[in-house]
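Notes to accompany the following structure.
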Amino acid sequence: MKKAVLPIVVILVALAGISAPSFARDEPLVLVENPWTASSLNVNVAKLILEEEMGYEVEIILLDESTQWAAIGAGDAHASLEVWPSGHQQNVEQYINELGVVVDGGLLGPVGKIGWYIPTYLLEDHPDLATWEGFLDPDNAALFATAETGDNGQFLAGAPGWTQYDEQIIENLGLNLEVVYAGSEEAILAAVEAAYRREEPILFYFWTPHSIHAEYDLTEVMLPEYTDVCYEGVAEGNVEDIACDYPADELFKIFWAGLEEAYPDVFTFLSNMNYTTDDQISMVAAVDLDGLTPEEAAEAWVEENEDVWREWLPETD
């Protein structure tokens, strides 16, 4: 996992002198956007409703999923709306359970799953690539080799700040693969599009829910089955022994611990915010396949689903 997490003693020292900031209603609420499409959609849906229905000004800031915890804990940001729990057990333990400066905001609704993917057309000639054992064959791994990886096959990962255990999985399973970081969701999608157009091999990190699965015929490579034992060291920051699949993730929200006192109506609204995996997929598809901006896709969803989001609003006297 490429996580910039400070040791607990450093965090305690840094946050020891922090008192709850005093916010005025005319100051903007700050929502964190992480660098992937669904996160952008979540915060834009919330922004629209908070501004147009509840009278707040909302500022969206871009932070990676690891550094956001310190910002929210310090009150510099108020909420992040899509946390993948498998990558943040240590953050939960530190910021929520030990320091108490971040609170669990409840489930967002969609269930996510990170995995390894290949284009399904590769299975016609290499059916053994459907499972990780197929990559034990050096000839199979070499199908994915690039100038950058030499004799090893390339495993295309995301950005270093994302939740990723692929280097550990590859080493512990003894695979002739080398992780190369694409740098962004957009870069992975561009690489997949290029490979798919030429029917070339590509092995890459991705997730569901996402519109990529509607656009391309992809197969998730079967890794050793996830177990709690495989991940038991993650909460303490020990990820070196991971040698299994990623777990299913019930996506959840995190808030600054002072949010409920400073903005009780916002706390209620964001706590209630919950929609389905299909809701999120439809918005992601509108961006990735139909060319809408996240702002436009969020606006369209809000216009078409008033019966859903009205249930999120706090009760009025």
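The values are calculated or read from the model by the stated rules, or taken from the named source; none is laboratory data. All values derive from a computational prediction rather than experimental measurement. Note: ideal-geometry Cβ built from the backbone for every residue, glycine included; neighbour counts use all protein chains shown.
Evaluate the stretch 235-254: report whether one residue or more is more than 17 Å from Gly115 (Cα to Cα), modelled with pLDDT of 95 or more and out of contact with any Leu (no Cβ under 7 Å at 6 or more places or on another chain). Spell out the reasoning first.
Pass one, the stretch 235-254, residues more than 17 Å from Gly115 (Cα to Cα): 235-238, 240-241, 252-254.
Of the ones still in play, those that are also modelled with pLDDT of 95 or more are 252-254.
Checking which are out of contact with any Leu (no Cβ under 7 Å at 6 or more places or on another chain) leaves us with 254.
Yes, the stretch 235-254 has at least one match.
Can you name the residue in the stretch 191-220 that is modelled with pLDDT under 95 and among the small types (Gly, Ala, Ser) and is also surrounded by the fewest Cβ atoms within 10 Å (Cβ to Cβ) among such residues?
Ala214
Could you please let me know if Glu98 is acidic (Asp, Glu) and under 28 Å from Arg198 (Cα atoms)?
Working: acidic (Asp, Glu): yes; under 28 Å from Arg198 (Cα atoms): no.
When the stated conditions are applied, Glu98 does not pass them.
Would you check if there is a residue in the stretch 272-285 being at pLDDT 95 or above and assigned to a helix (DSSP H, G or I)?
Among the residues of the stretch 272-285, at least one is at pLDDT 95 or above and assigned to a helix (DSSP H, G or I), which makes the answer yes.
Check every one of the helices (runs of 4 or more DSSP H) wholly within the stretch 148-256 and list those with 1 or more residues that are of a type in the set (Lys, Arg), out of contact with any strand residue (DSSP E or B) (no Cβ under 6 Å at 6 or more places or on another chain) and closer than 23 Å to Asp125 by Cα.
Qualifying helices (runs of 4 or more DSSP H): 185-198.
Would you say Pro119 is outside the structural domain of Asp290 (by TED's automatic domain parsing) and under 24 Å from Ile188 (Cβ atoms)? Full working, then the answer.
Values: outside the structural domain of Asp290 (by TED's automatic domain parsing): yes; under 24 Å from Ile188 (Cβ atoms): yes.
Spelling it out, Pro119 is indeed outside the structural domain of Asp290 (by TED's automatic domain parsing) and under 24 Å from Ile188 (Cβ atoms).
Of the conditions (1) crowded, with 17+ Cβ neighbours inside 10 Å; (2) in a helix (DSSP H, G or I), Glu93 clears all except one; give me its number.
Single failed check for Glu93: (1).
Within the stretch 237-248, can one find any residue that is small (Gly, Ala, Ser) and within 16 Å of Trp312 (Cα to Cα)?
There is no residue in the stretch 237-248 that is small (Gly, Ala, Ser) and within 16 Å of Trp312 (Cα to Cα).
All but one of (1) assigned to a loop (DSSP other than H, G, I, E, B); (2) closer than 30 Å to Leu177 by Cβ hold for Asp76; state the number of the condition that does not hold.
For Asp76, the exception is condition (2).
Identify, please: which residue in the stretch 22-45 is surrounded by 13 or more Cβ atoms within 10 Å (Cβ to Cβ) and part of a loop (DSSP other than H, G, I, E, B) and is, among those, modelled with the lowest pLDDT?
Of the residues in the stretch 22-45, the ones surrounded by 13 or more Cβ atoms within 10 Å (Cβ to Cβ) are 23, 27-45.
Filter once more, so that each one left must be part of a loop (DSSP other than H, G, I, E, B): 23, 27-28, 34-36.
Values: Phe23: 46, Glu27: 81, Pro28: 92, Asn34: 93, Pro35: 89, Trp36: 89.
Result: Phe23.
Go through (1) surrounded by fewer than 17 Cβ atoms within 10 Å (Cβ to Cβ); (2) of a type outside the set (Asp, Glu); (3) part of a helix (DSSP H, G or I) for Leu122 and report which single condition fails.
Condition (1) is where Leu122 drops out.
Mind counting the residues in the stretch 127-169 that are of a type in the set (A, V, I, L, M, F, W, C), at pLDDT below 95 and within 24 Å of Glu82 (Cα to Cα)?
Going through the stretch 127-169 one residue at a time, the tally reaches 2.
Do the conditions hold for Val266, that is, is it over 20 Å from Val32 (Cα atoms) and either of a type outside the set (D, E, K, R) or surrounded by 15 or more Cβ atoms within 10 Å (Cβ to Cβ) (or both)? If you could, list the steps in order and put the result at the bottom.
On the way: over 20 Å from Val32 (Cα atoms): no; either of a type outside the set (D, E, K, R) or surrounded by 15 or more Cβ atoms within 10 Å (Cβ to Cβ) (or both): yes.
It is false that Val266 is over 20 Å from Val32 (Cα atoms) and either of a type outside the set (D, E, K, R) or surrounded by 15 or more Cβ atoms within 10 Å (Cβ to Cβ) (or both).
Out of Glu185, Glu171, which single residue is of a type in the set (D, E, K, R) and within 20 Å of the chain's Cα centre (by Cα)?
Details: Glu171 fails: within 20 Å of the chain's Cα centre (by Cα).
On inspection, the qualifying residue turns out to be Glu185.
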